[in-house]
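Below: the structure, in structure tokens.
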Amino acid sequence: MLEIENLQVAVEGKEILKGLSLKLPAGEVHAIMGPNGSGKSTLSYVLAGRDGYEVTQGRVLFKGEDLLEMEPEKRAAAGVFLAFQYPVEIPGVANTTFLKEAANAVRMARGEEPHDALRFVKLLRAKTKELGMSDEMLKRPVNSGFSGGEKKRNEMLQMAMLEPSLAILDETDSGLDIDALKTVSDAVNAMRAENRTFLVITHYQRLLNHIVPDQIHVLAGGRIVRSGGQELAAELEARGYADILSAAA
Amino acid sequence: MSIQTMTTAKSFVDLYAAEKARLPGADLPWLAALREQAAARLLELGLPTARMEQWRYTPALANRIGTVSFTEGGLEAIGGHTGLELGDSTRISTRIAWQDGRIAGPAAALPALPFLKIRSLETLLAEDPDLAHPALAADAESESAMALLNLALLRDALFVELGETEARPLLWSRQEASGGLANTRLQMTLQTGAAATLVEEIDSRAGLSNRRTTIALADGTSLRHVILLGEGQDATDLGEMQLRLGRDARYSVFLRYGGSGLARQAIDIDLTAPGAEAQINGLYLLGGRAHGDLTSHIRHQAPGTSSTTLFKGVLDDRARQVFRGKITVEAGAARSDGRMSNKTLLLSDKAEIDSKPELMIFHDEVQCAHGATSGKLDEQALFYLRSRGLPLEEARKLLIRSFLSEAAEGAEALRDLPVGDLLIDKQLQRLGQ
Ligand SMILES: Nc1ncnc2c1ncn2[C@@H]1O[C@H](COP(=O)(O)OP(=O)(O)O)[C@@H](O)[C@H]1O
Ligand SMILES: [Mg+2]
């Protein structure tokens, strides 16, 4: 699904990713863990196509195509979805309007029929309920005045409506209480499928107890310094990053 | 006279001299005298220039006004398409069409209902000259060059008198001008208990349209007023409006300009009695070298009066917008509330906003606030929307629309017209192309 080869990225002249390689096969869930400032969000933004990130080396193939060449909306249409660590507030645009425009934009770009109004509302209601969100949040402007947890749920709602083939979750667990974490994890697990890949970025092992990944990678200093199974998360939890990093150095 | 020529007050006064014998009411000595007085004063005063405080940010008027002549477009409406549908059809609605400064069609066709009287200048001068006299006499004393010009060369006017009625009549006035000079005048009185909606569309293709409006709202009346300024390429549209509100009278106006010429609307509102309320909402979407100017002065003259002004602009290319909002709270106006806000979105580095809010408060016990902000489209929001699959142009439009929606959504003037979204969408199609 996704192949990242020797990716080097600079922001404002500062090197952040320094040769990152990663292979995500279709249908798998991979987790990236790493200390603050290690470049996790940078990686997710580069994959989603945000301006201001200069790729100095390496390449990224998504379903065999050069991902870095595509505009953000093309990537979305091709199936990339990023759940933002800090979702953006858009006052004045009703959440429903936004969700509908987005869902239909990607559907059209994928050569599918746009949702008819009734079907869309039904689908949206169902997903909203699954995520423990109130209908009232659909009427409010996108993320405006939402609590941290509500914003994260709203990201998951967008993911559910956009049906991506690669979903990147950037610290979706932060800001969620235990119940919300469970609800969100259930929703993610329900979306796991053979033709869908997840890249779950997190700081804590906690999330990975609910969303059990196929592989865990540790990102530090702009590189993947270790990869392993569920036992790696336990090790990180027990010993902290410092230990692992010094061992990897 | 070519477009490049500097137009001066003298050009207009010359036109006046040539035309005066043919102007309506030429045989009425009092009117002829007022016109004469106005022309003479105009000559002394000259056209507005950037040296005048009220016009400081709207310079080069003299270079903009091209032909100083009347255009005879034929007195038939050219069947313009508004793109707007009249609301509730059960309501009494009246359409008035203007062409090149004159009401098109025979004046007799204007309806006369028991509670609604609509008359043209010639009819009024014939039937009821005393009604026309005070306002025209006041203009002859005016220090506004545009008011003087309007009076000197006025060819037609619309006089509306509205009495108490259950219904809220909808008046729809559409002005078209194909060039040259169109001086128009609208005088409206709402008698106690009256309520109405007035929509004015001004669609000049070129030339100068110089509109003058006076509205008196008696106690307990309500007027919802929508002004849609046209999209003419080279048109210069100048409007001056004066309102007086009595006890518990409510006036709301929604103003939109999306043209590429110059449009200036001055709004003067006197809140003369307790409970009078005014709401001014507007939006400008300007590209090219368009120039939009809103100059308002709201006077709180009695206790418990309130006013809100919310103006939003989106400026692209080299467009320029002027917002001069002034609120005066006079000494007797306890518990008055005046709020004013002007927010601008700049889509280009060359676009410019000149915002000058001003509060003059002569009473302690009042609430007044003003704010002005300007900024660019939020890059973060843009990326967020694109990452959800919205193409760049769609994302931009969605953000612009959301920015503007505040001005249209809260506008009481638009309450019974299904035009809110349309007003924005139509303009959006033209921006950023
Ligand atoms: N827009 C930016 N401008 C300058 N530095 C940035 C920017 N974004 C991220 N960085 C820097 O890049 C590094 C990695 O940041 P980030 O990717 O957000 O880390 P993480 O998500 O792992 O906490 C940090 O040192 C951060 O300060
Ligand atoms: Mg981060």
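The values are calculated or read from the model by the stated rules, or taken from the named source; none is laboratory data. Just so it is clear, the model here is predicted, and its values are computed rather than measured. Ideal geometry is used to build each Cβ from the backbone, glycine not excepted, and the neighbour counts take in all protein chains shown.
Key figures
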item: Unmet requirement for A:Ala31, which otherwise passes all of (1) among the small types (Gly, Ala, Ser); (2) away from ligand 1 (no atom under 16 Å from the Cβ); (3) buried (at least 18 other Cβ atoms within 10 Å of the Cβ); result: (2)
item: Conditions (1) at positive phi; (2) more than 8 Å from chain A (Cβ to nearest Cβ); number of the one not met by B:Gly389; result: (2)
item: Verdict on A:Ala76 being within 10 Å of chain B (Cβ to nearest Cβ) and crowded, with 18+ Cβ neighbours inside 10 Å; result: yes
item: Selection from the range A:191-207 of residues that are under 19 Å from A:Met159 (Cα atoms) and away from ligand 2 (no atom under 16 Å from the Cβ); result: A:Met191, A:Arg192, A:Ala193, A:Glu194, A:Asn195, A:Arg196, A:Thr197, A:Phe198
item: Helices (runs of 4 or more DSSP H) contained in the range A:113-190 and holding at least 2 residues within 17 Å of the chain's Cα centre (by Cα), away from ligand 2 (no atom under 16 Å from the Cβ) and more than 14 Å from chain B (Cβ to nearest Cβ); result: A:148-162
item: Residues being more than 21 Å from A:Lys63 (Cβ to Cβ) and within 13 Å of ligand 1 (Cβ to nearest atom) - total across the range A:10-28; result: 9
item: Number of the condition not met by B:Val366 [criteria: (1) closer than 20 Å to B:Asp248 by Cα; (2) at pLDDT 90 or above]; result: (2)
item: Residue within the range A:92-108 that is more than 16 Å from ligand 1 (Cβ to nearest atom), surrounded by fewer than 15 Cβ atoms within 10 Å (Cβ to Cβ) and modelled with pLDDT of 90 or more present; result: yes
item: Selection status of B:Ala334, out of contact with any strand residue (DSSP E or B) (no Cβ under 8 Å at 6 or more places or on another chain) and more than 30 Å from B:Asp378 (Cα to Cα); result: yes
item: Any hit, the range B:355-376, residues being over 25 Å from the mean Cα position of the chain (by Cα) and closer than 28 Å to A:Leu162 by Cβ; result: yes
item: Checklist (1) within 14 Å of chain A (Cβ to nearest Cβ); (2) touching a Gly at 6+ places or on another chain (Cβ under 8 Å); (3) in a loop (DSSP other than H, G, I, E, B); (4) not small (Gly, Ala, Ser) applied to B:Asp317, failing item; result: (1)
item: Long-range neighbours under 9 Å by Cβ, at least six apart or interchain, first residue surrounded by 13 or more Cβ atoms within 10 Å (Cβ to Cβ) within the range B:6-31, second of a type in the set (Phe, Trp, Tyr) and modelled with pLDDT of 90 or more; result: B:Leu23/B:Tyr16
item: Members of the range A:215-243 found to be over 19 Å from the mean Cα position of the chain (by Cα), over 10 Å from A:Met33 (Cβ atoms) and within 16 Å of ligand 2 (Cβ to nearest atom), listed by number; result: A:Gly221
item: Qualifying residue in the range A:214-237 (condition: assigned to a strand (DSSP E or B) and in contact with a Phe, Trp or Tyr (Cβ under 8 Å, 6 or more places away or on another chain)); result: yes
item: Flag if A:Tyr86 is under 25 Å from A:Ala220 (Cα atoms), of a type in the set (Ser, Thr, Tyr) and crowded, with 17+ Cβ neighbours inside 10 Å; result: no
item: Flag if B:Ala147 is among the small types (Gly, Ala, Ser), at pLDDT 90 or above and buried (at least 21 other Cβ atoms within 10 Å of the Cβ); result: yes
item: Residue count, the range A:25-49 (criterion: within 14 Å of chain B (Cβ to nearest Cβ) and either without any contact (Cβ under 8 Å) to a residue 12 or more places away in the chain or closer than 20 Å to A:Gln205 by Cα (or both)); result: 2
item: Subset tally (residues that are at the interface with chain A (Cβ under 8 Å from one of its Cβ atoms) and modelled with pLDDT of 85 or more) for the range B:405-431; result: 0
